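Presented below is the structure to which this report refers.
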Amino acid sequence: MKFWQQRERARDILSKEVGYVSKPHGGRLRVALAFPNTYFVGMSNLGFQTVYKLFNAENDIVCERVFLPPKTELAAQLADRAPLVSIESQTPVNEFDIFAFSVSFEWDYTNVVTLLRLAGLKPRAAERTHRDPLVMIGGAVTFVNPEPLAPFADVIAAGEGEALIPSLLTAFKGASDRDDLLRRLVTERGFYVPSFYDVTHRLDGTIEAFVPKADTGAPATVKKAALKTTEAVDPPATTIFTPDTELGSRFLVEVVRGCANLCRFCWAGYNYLPVRAFPKDRILQLAESARRYSNHAGLVSIALCDHPEIEEILTRLVDMGYSISPASLRLDDLTPTILNLLRKSGERTITIAPEVGSDRLRRVINKTITNDEIFAAADMIFASGFENLKLYFMIALPTETDDDLVAIRDMTLQLHEIMLRHQRGRGHIGRIVGSVNPLVPKPGTAYQWLPMEDDKSIERKIRRMKSLLAGIDNVYFNIKSERHSFYQALLSLGDRRVAAAIEAAERNGGNWRAAVAETGVDADFFVFRDRSADAVLPWDIIDGGLKDHFFRSEFDKALREEWTLPPKRQKDNARLLPLLQ
Ligand code: SF4
């Protein structure tokens, strides 16, 4: 796409938007903020909108957005070599001081490389010069395991934007040049400069150490930056409304951050601790002012009902005339009042995550709820008039046997029976839609040392699940292929050496098998190896707050089929797991 065509497209986008920020550049720190996917996907991402708002809330910063062009135009734009421009002022990205990325998903890693190339920059930090914008990579994935992206970043921002941006601005204001800036940043919490470390390896290929280079001031590990409390902080909420997004003009607002349940596989649960609720009054004020642009509120939280005032928030949103979509509901917090409010707002489907079908395996993963409680919750859901139920299950978990797979089928049948009991007389039967995914062990969880289960075994379990769940009326399951999860695991569990495969996959259009073969990256080494004897894990460079001995004891408890803390003890969790030293 030629330069003038990009400008026209950007102006067309702006003409349909409400709420974007336009500031003069003069005298300000200029930040081009990229979402490594298309406008359509990126504008529905609350994290991206929040960082945009936080940057622009600083008078000394001007932040403009950048997206991946639509697939149909990408090749032409790369061939034309027309510089990638920002949406707001259509300024070429390479004229900004900072090119920042907000990365939420592993599958977008190749798009980071594409955007760097579109901007006329070398993808690898080592090949760029001091005249290029500072490339900063942040977002949810980077405070779990930034290493596969490390060679592309001048700086990795690990943690929550609210805590990172003020330190970034201070460092920029005080810095005399690029080197000085990097040295200042590493003294601040959450900023990791990959080039300031030598990574040494043992003969078996595992990491021996991250060694900070002399005179850089880089710390041995980088402490994640996080807010201690959300009391004085505005809840993240949609600020730019446009009809051209995945979720349409939906008003998204974060209600509560974190989840205290401590499921042993869940990186989000461990990494957003402690649980912090945003102030109810501010959530409602923002919803009030967004009402003229939106009829639909999306409540973003991994454990919505952990907000102590959730019932009042829902009541007021319904009174404002919003239809409401909750991102996820933890089963143990559901009440008839909450369900009635959601139903009243027009919602017809509830999503729940039993994860597994047996109480035994649920103790292994520390999902502190029983089958009986799940059936009671389903009864309450269908009694409140909901038509459909969406279910999430996992397979390939430690200690799993065939009985556990059969238990998923049995649970589905029982839920189906509960649905029929409530709906038979009504003349319309809803749907149960389930998804089954193999466990991808995640960094920063109790399962971080586990190898992923081998592909033949997973394929066998997938076939078994498909046959167990076939032919049940009104029940539809989506069961993911093993290969999809394998490359996701490589990006989750890899280290800097995986960057070569990311570059190759970017060049060849996403053929990961060929990318791994071409670059000689030993994917099995990263995915199928038991890491419990490794001295250092790739993600150990970021100190997320939870210590190894805690994760190890959680893993041992998993094997003993023990729960850690009973549900409803969020206060105890926060006290026992002090993240923010
Ligand atoms: S309940 Fe859900 S969000 Fe909370 S820790 Fe478990 S899986 Fe994660």
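Read the figures in this text as sums done on the coordinates, not as results from a lab. Model, not experiment: these values are computed from the prediction. Backbone-built Cβ (ideal geometry, glycine too); neighbour counts: all protein chains shown.
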For this session: Please work out the FRET efficiency for the pair Val433 and Asn295, using the Cβ-Cβ distance as r and a Förster radius of 25 Å; give the result to the nearest 0.05.
Result: 0.55
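Treating only the Cβ atoms of Lys and Arg (+1) and Asp and Glu (-1) as charged, compute the dipole magnitude of segment 508-565 about its Cα centre; round to the nearest 20 debye.
On the way: 7 positive and 12 negative charges, 16 e Å.
Charge dipole, segment 508-565, about its Cα centre: 80 debye, nearest 20.
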Problem set entry | Residues Thr401 and Phe528, FRET efficiency given R0 of 25 Å [Cβ-Cβ distance, rounded to 0.05] | 0.75
Seminar exercise, completed: Percent antiparallel among DSSP beta bridges confined to the chain, nearest 5, equals 20
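With charges only on Cβ, +1 for K and R and -1 for D and E, what is the dipole size of the chain about its Cα centre, in debye, rounded to 20?
Working: 73 positive and 76 negative charges, 169 e Å.
Dipole of the chain, to the nearest 20 debye: 820 debye.
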Seminar exercise, completed: When the charge dipole of the chain is computed with +1 at the Cβ of Lys and Arg and -1 at the Cβ of Asp and Glu, the Cα pointing farthest to the positive end, of Thr206, Ser492, Leu74, is that of Leu74
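Pull out the extension gain between Thr72 and Lys344, defined as 0.36 nm times the separation in residues minus the alpha carbon to alpha carbon distance; nm, one decimal. List each step's numbers first, then the result.
Values: separation 272, 0.36 × 272 = 97.92 nm, distance 4.14 nm.
Computed gain between Thr72 and Lys344 is 93.8 nm.
So how strong a dipole does segment 140-275 carry about its Cα centre when Lys and Arg Cβ are +1 and Asp and Glu Cβ are -1, to the nearest 20 debye?
On the way: 13 positive and 17 negative charges, 70 e Å.
Rounded to the nearest 20 debye, it is 340 debye.
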Problem set entry | segment 246-333: relative contact order as a whole-number percent, Cα under 8 Å and 6+ apart | 34
Problem set entry | Cα centroid of segment 440-514 to Cα centroid of segment 226-263, whole Å | 28
For this session: Could you work out how far helix 310-319 tilts from the main Cα principal axis of the chain, as a 0 to 90 degree angle to the nearest 10?
Result: 90
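Assuming 0.36 nm per residue, please report the length gained on full extension of the stretch Lys16 to Asp556 beyond their Cα-Cα distance. Intermediate results must be reported in sequence, preceding the final value.
Values: separation 540, 0.36 × 540 = 194.40 nm, distance 5.42 nm.
Extra length available between Lys16 and Asp556 comes to 189.0 nm.
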For this session: Let me have the relative contact order for the chain, percent, based on Cα pairs under 8 Å that are six or more residues apart.
Result: 13
Problem set entry | Rel. contact order, % - alpha carbon contacts under 8 angstrom, at least six apart, segment 162-291 | 17
Exercise. Under 16 Å Cα-Cα from Lys53, which lysines qualify once same-chain neighbours fewer than 8 residues away are excluded?
Worked result: Lys23
Seminar exercise, completed: In degrees, nearest 10, the alpha-carbon axis of helix 371-383 is tilted away from the dominant principal axis of the alpha carbons of the chain by 90
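Could you compute the net charge surrounding Val440? Neighbours are other residues with a C-beta less than 11 Å from the C-beta of Val440; K and R count +1, D and E count -1.
Values: positive: Lys442, Lys480; negative: Glu106, Glu453, Glu482.
With Lys, Arg at +1 and Asp, Glu at -1, the neighbours total -1.
Here are some pairs, Lys122/Lys480; Lys71/Lys456; Lys367/Lys547; Lys16/Lys442; Lys173/Lys224; which of them have Cα atoms lying more than 30 Å apart in this structure? Mind showing how you got there, number by number?
Values: Lys122/Lys480 35 Å; Lys71/Lys456 34 Å; Lys367/Lys547 21 Å; Lys16/Lys442 39 Å; Lys173/Lys224 22 Å.
Flagged as over cut-off: Lys122/Lys480; Lys71/Lys456; Lys16/Lys442.
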Problem set entry | Selection from Leu185, Ile165, Val255, by position along the positive dipole direction of segment 154-295 (Cβ) | Val255
Exercise. Pairing the Cα long axis of helix 71-80 with the longest principal axis of the chain, what angle in degrees results, from 0 to 90 and rounded to the nearest 10?
Worked result: 10
For this session: For each cysteine in the chain, check whether another cysteine's C-beta sits under 4.7 Å from its C-beta; list those where none does.
Result: Cys63, Cys259, Cys305
Exercise. Where the centre of each part is set by its Cα atoms, how far does segment 362-432 sit from segment 194-215, in angstrom?
Worked result: 47
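Given only helices, namely DSSP H runs of n ≥ 4 each adding -39500 (n - 2.57), what is the per-residue ellipticity at 222 nm of the chain, to the nearest 500 deg cm²/dmol?
On the way: 21 runs with 215 residues, N = 581.
Rounded to the nearest 500, the figure is -11000 deg cm²/dmol.
What number comes out for the charge environment of Asp540, summing +1 per Lys or Arg and -1 per Asp or Glu over other residues with Cβ under 12 Å away?
Result for the local shell: -4.
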Exercise. Could the peptides 490-497, 553-560 be put in order, highest first, of the mean number of other beta-carbon atoms found within 10 Å of their residues?
Worked result: 490-497, 553-560
Exercise. Quick one: length gained pulling Tyr392 to Ser249 fully straight, 0.36 nm per residue minus the C-alpha distance?
Worked result: 48.8 nm
